[in-house]
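This report refers to the structure that appears directly beneath it.
Every number here is computed from the coordinates shown, using simple stated rules; none is lab data. No experiment lies behind these values; they were computed from the predicted model shown. Cβ: placed from backbone, ideal geometry, glycine included. Neighbour counts: every protein chain shown.
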Amino acid sequence: MATTTPDIQRSRRAKSASRPGDRIFSGLSRGSGITLLVIMAAIAVFLTYRAVLAISKDSTNFFTTFEWNPAANPPVFGIAVLAFGTVVSSVIAMLIAVPVAIGIALFISHYAPRRLAKPLAYVVDLLAAVPSIIYGLWGAIFLVPYLDGLNQWLDEYFGWTYIFDKAQDGVARNLFTVGILLAIMILPIITNVTREVFLQVPKMHEEAALALGATRWEVIRMSVLPFGRSGIISASMLGLGRALGETMAVAVVLSPSFVLSGHLLDPGGGTFAQNIAAKFNEANEFGRDALIASGLVLFVITLLVNGAARWIIGRRKEYSGAAA
């Protein structure tokens, strides 16, 4: 009986597994993966242990309290405002950054001439390397004053939506400004990953569509975007992960308060990372446990976001590059 293809593949894997170099590389790869899982488990255990110590002494509901005063007697602290501010600012950032990043990636990969595409891609790469504190200083000194006019315009023409109804006067140190700043920060990350995915689209697919009379936009809609859909999702989740955990830029721009308001243009609000950075040094041991408890919630939110992204990509394997 002739040797089948699966038998040949198993024979090749057995031969490669017997080589010392392959065994060493396999062991190092497996050890790296196990080490990563151990580190993640250690972080989760540490956060959970310290969070339980704090929550067990909380006199109120940790998830619904609109106040943060662990030094009080009895202690009072909750994450309602922090969770709202973190999620809202990240959603604003994603709504702004993802469409713009896809447009920039398409322009660089399929529209711009080569002598323009390379310098533009290099500039985008440089934006990804700018430290977050620089973005924060730029946002506080330049962005906040110039957004006052935009806030007034949104209040005048879209105040009926309640979201853009400016109920309090003050500078634009609010969640809307934070969302715009986070969008600028995550834009290079999403753009770079999306651009590389678009560049991997098989040329035969595009040439076949052009040969059938498709326009440039039809080629992108029928070939490029379906091929890169899973890559776009992955890039967006990377950007969302940075937006959820951004600390210094938010701390510099935002005027923190523990008043939960749906008016995005009102000064105030807070995020998990900003609250931890602002209060960690002055907190006592119990206060640090309370901050670690809020960090555990952020840790869980990040894991859920990444898990949801993996689930979406897994359901759409036909759009991934491996399936092309």
Among the lysines in the chain, how many pairs, 8 or more places apart or on different chains, have alpha carbons under 30 Å apart?
4
With the contact rule set at Cα under 8 Å and sequence spacing of 6 or more, what percent relative contact order holds for segment 128-198?
40 percent
Counting every Cα pair in segment 78-202, what percent are over 21 Å apart?
50 percent
By count of other Cβ within 10 Å, fewest leading, how are M248, M237, M40 ordered?
M40, M248, M237
Before rounding to the nearest 500, sum -39500 (n - 2.57) across all DSSP H runs of length at least 4 in the chain and divide by the residue total; then give [θ] at 222 nm in deg cm²/dmol.
-22000 deg cm²/dmol
Along the charge dipole of the chain, pointing to its positive end and built from +1/-1 on Cβ of Lys, Arg, Asp and Glu, which listed residue (T86, I232, T60) has its Cα farthest out?
I232
Which of the helices in the chain meet the span-like rule: DSSP H, Cα axial reach of 30 Å or more, Kyte-Doolittle mean at least 0.0?
20-55, 80-106, 175-199, 285-315
When a footprinting reagent is the concern and you count Cβ atoms within 10 Å, what order do S230, S257 take, fewest first?
S257, S230
Neighbour-count ranking [beta-carbon atoms within 10 angstrom, fewest first] of V98, V130, V45
V45, V130, V98
Cα centroid distance between segment 178-214 and segment 34-83, in Å?
40 Å
Mean separation of Cα contacts under 8 Å, 6 or more apart, over the residue count of the chain: relative contact order %
26 percent
Over its alpha-carbon atoms, segment 68-323 yields an Rg and a Dmax in Å of 20.9, 75
The longest stretch of the chain containing none of the trypsin sites (Lys or Arg not before Pro) that sit in a DSSP loop with at most 15 other Cβ atoms within 10 Å is 58-315
